[in-house]
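Visitor: My structure is below; once you've seen it, I'll send some questions.
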C-alpha cells in the first residue's frame, strides 16, 4: 500500500543543474529522490510542478511522491532534511489523494526576479539577487509590464521550441527596494527562459535603451529567438505554485492582494 | 616596479577546499591568485594571514599580494570582484609598505562559531550557523570558557602535529541569540581544528554531558588526539585579523569592547 504526499521544497540553485533529473549531473529532483529512497528503503520517484533551470532558486517548489503507507507524512520533513544537502530544505509534507498530480494540477506559478544596483559587499548577502549596472526607471518598466499582462504569444521571450508558445500572464508587477527592485510574475505556465528573457527586455526598457513601443513590438510580433539578453539565473526564484483559486490569478484583483504572495 | 597591497577578503566556505592552495582542488587562495593574474596579466601570488579549513567561512581574511606599480589599489576591488566567483568578495585593497607580511605580522585573530537549535527552514538562512540538537546551558559554558582563556597547551583540542601546541587565547566569550548562541575566540594563533574541537567540547559541557572538571582536565592535561567531536565547519567564520593593538587583545579589557569586534 502506498500513499501520496505533496512536498513543498526550497532550494538555493547554486551548484545544481536545475530541478529536472539529468544523467550524471547534480539536480534537485535527483537529490530528493535519493533522500526519499534512503528513508523508504526502496527506489522512490518524485514529480515536480515544473522545471527550474540551472542556478534558479525556489522558495516553494511543489512535488509529489508515493511512499509506503506506513510512513507518516508528519515524519517525512525531518527525515528528509536530516539527509539532504543543506542547500535543499523540505518545508512541508502533507498527505494528498492519490489522484493529485504536482504538474498536471498546478493552476499557476509565481516567480520573482530580484535586482540590485549595489553589488553585495559580503558573499552571504544577495544570494538570490542579480546585480545590474544602473538604476531602472520604474514608470517605464510598469508601462511595459501592463502591455505584456494577459494572454499573448510569448515566443519572443523564449527559445525556438515545439508546441504552442501562447501563455497567460495573470499579473505582473514591480516593487521598489532600497538600491534595487523586485519583478513578480503570476502566470498559468512559463516557457523555457521566459521570465529571464522578459526581465532582460524589461531591464533594457528600465535603462532607457528600449522604448515602450519597441518592447510592445516584441509582444505583438512574436519572433522566436529574438536578440534579447537572458537575465542571470541568480536573480530568479520560484516563489509559489498555485493549486487553488487565488486573488492573484484574477487580473482585476486589488494590489493589496499582492502582499499575500510573499 | 611592484607595490604591495593588503586585501581584505570575505568568502562562503561551501564548495571550497579551504583557503590554502592544493593541486587540483578549488581553494580560495587559488581563485584570488587567478583573478589577480587576469587583472595584471602576469602570474601573481597571494599570501594569506593563515589557513582556513574546507567549508569554513571568512568575513575578513587578510592577505597580501605584489602588483605592478601602475595598478592603483583603489581599482583593485572592483576589478577582482568582477571576475571572482560570487562566493568570494574582496572588501578592500590598500597600499602597504613592501615589508608588510599578512601572516608574519598578524598579531591575533577573531573567530566566531554560530550555533542554533532551530534548524533553518529556508536554505538561504543560517548559511554560517551549525544546527545543534538541543539548547545549551550558557552558565556552564561560560565557566569552561574562563578556564581555557590565557596561555595553555591546546594539544587536546587539535590533532597530533609537530611543533609547539601552546597558544594564547586572549579572550573567549559566549553571546545568547534567539534559539542559538555565538562563541567568540580571540587568540594569537590557532592550531588546526582548534576552534572546532574547542566548540565540540564546549557543546558537551553545554549539553551537560561533560562536567566543568572534565573540561578543565582537557586543558590541564593536554592529550593530542583526545576523543573530542570536531564541530562542523559550517558554523565557523574567521571574522578579523588583528595587525595592531586592540582592547580585544587585553584580557582585562571591558566587555563593552567586545561589540567593537562585530
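Read-outs: derived from the displayed coordinates by stated rules, not from any lab. All values reported here derive from a predicted model rather than from experimental measurement. We place every Cβ from the backbone using ideal geometry, glycine too, and count neighbours over all the protein chains shown.
Visitor: Ordered shortest first, which distances in nm separate the 7 Å Cα→C-beta label point of residue B:68 from those of the other copies?
Guide: The projected label point of residue B:68 is separated from its counterparts by 6.7 nm.
Visitor: Next up: Taking every residue in B:111-124, how many Cβ atoms of other protein chains lie within 10 Å of its Cβ, on average?
Guide: 4
Visitor: For helix B:138-148, what angle does its Cα long axis make with the longest principal axis of chain B, in degrees from 0 to 90 and rounded to 10?
Guide: Here the helix axis deviates by roughly 70 degrees.
Visitor: When the gyration tensor of chain B is built from Cα positions, what are the square roots of 5 times its three eigenvalues, in whole Å, from largest to smallest?
Guide: 34, 20, 17
Visitor: Relative to the other copies, what are the label-point distances for residue A:82, with labels 7 Å from Cα along the C-beta vector, expressed in nm at one decimal and sorted shortest first?
Guide: In ascending order, 5.0 nm.
Visitor: Nearest 500 deg cm²/dmol is fine: what mean residue ellipticity at 222 nm does the protein assembly as shown get from its DSSP H runs of n ≥ 4 alone, each adding -39,500 (n - 2.57), divided by its residue count?
Guide: -6500 deg cm²/dmol
Visitor: Another question about this same structure. May I ask for the Rg/Rh ratio of segment B:102-254, computed from Cα atoms with Rh as the Kirkwood radius, given to two decimals?
Guide: The Rg/Rh ratio comes out at 0.95.
Visitor: If the label for residue B:121 sits 7 angstrom from Cα along the Cα-to-Cβ line, what are its distances to the same label in every other copy, in nm to one decimal, shortest first?
Guide: Nearest to farthest, the other copies are at 3.0 nm.
Visitor: Where does helix A:28-40 land angle-wise versus the long Cα axis of chain A, in degrees 0 to 90, nearest 10?
Guide: Long axis of A:28-40 versus the principal axis of chain A: about 20 degrees.
Visitor: With the calculation restricted to Cα positions, what are the radius of gyration and Dmax of segment B:69-119 in angstrom?
Guide: 16.2, 51
Visitor: For a Förster distance of 56 Å, can you work out the FRET efficiency between the beta-carbons of residue B:91 and residue A:1, rounded to the nearest 0.05?
Guide: That gives a FRET efficiency of 0.45.
Visitor: Sticking with this one: Over all pairs of distinct alpha carbons, what does the Kirkwood formula give as the hydrodynamic radius of the protein assembly as shown, in Å?
Guide: One over the average 1/r among Cα pairs gives 25.9 Å for the protein assembly as shown.
Visitor: I need to check one value: relative contact order of chain B, counting alpha carbon pairs closer than 8 Å and at least 6 residues apart, in percent.
Guide: Value for chain B: 23 percent.
Visitor: According to a simple spin-label model (label point 7 Å from Cα along Cα-to-Cβ), what is the distance in nm between residue A:118 and residue A:229?
Guide: 2.2 nm
Visitor: Quick one: helix A:73-83 against the long Cα principal axis of chain A, what's the angle to the nearest 10°, folded into 0 to 90?
Guide: That works out to roughly 80 degrees.
Visitor: Scan chain B for the residue whose Cβ is closest to the axis carrying it onto chain A, then write down that distance in whole angstrom.
Guide: Nearest to the symmetry axis by Cβ: B:15, 3.
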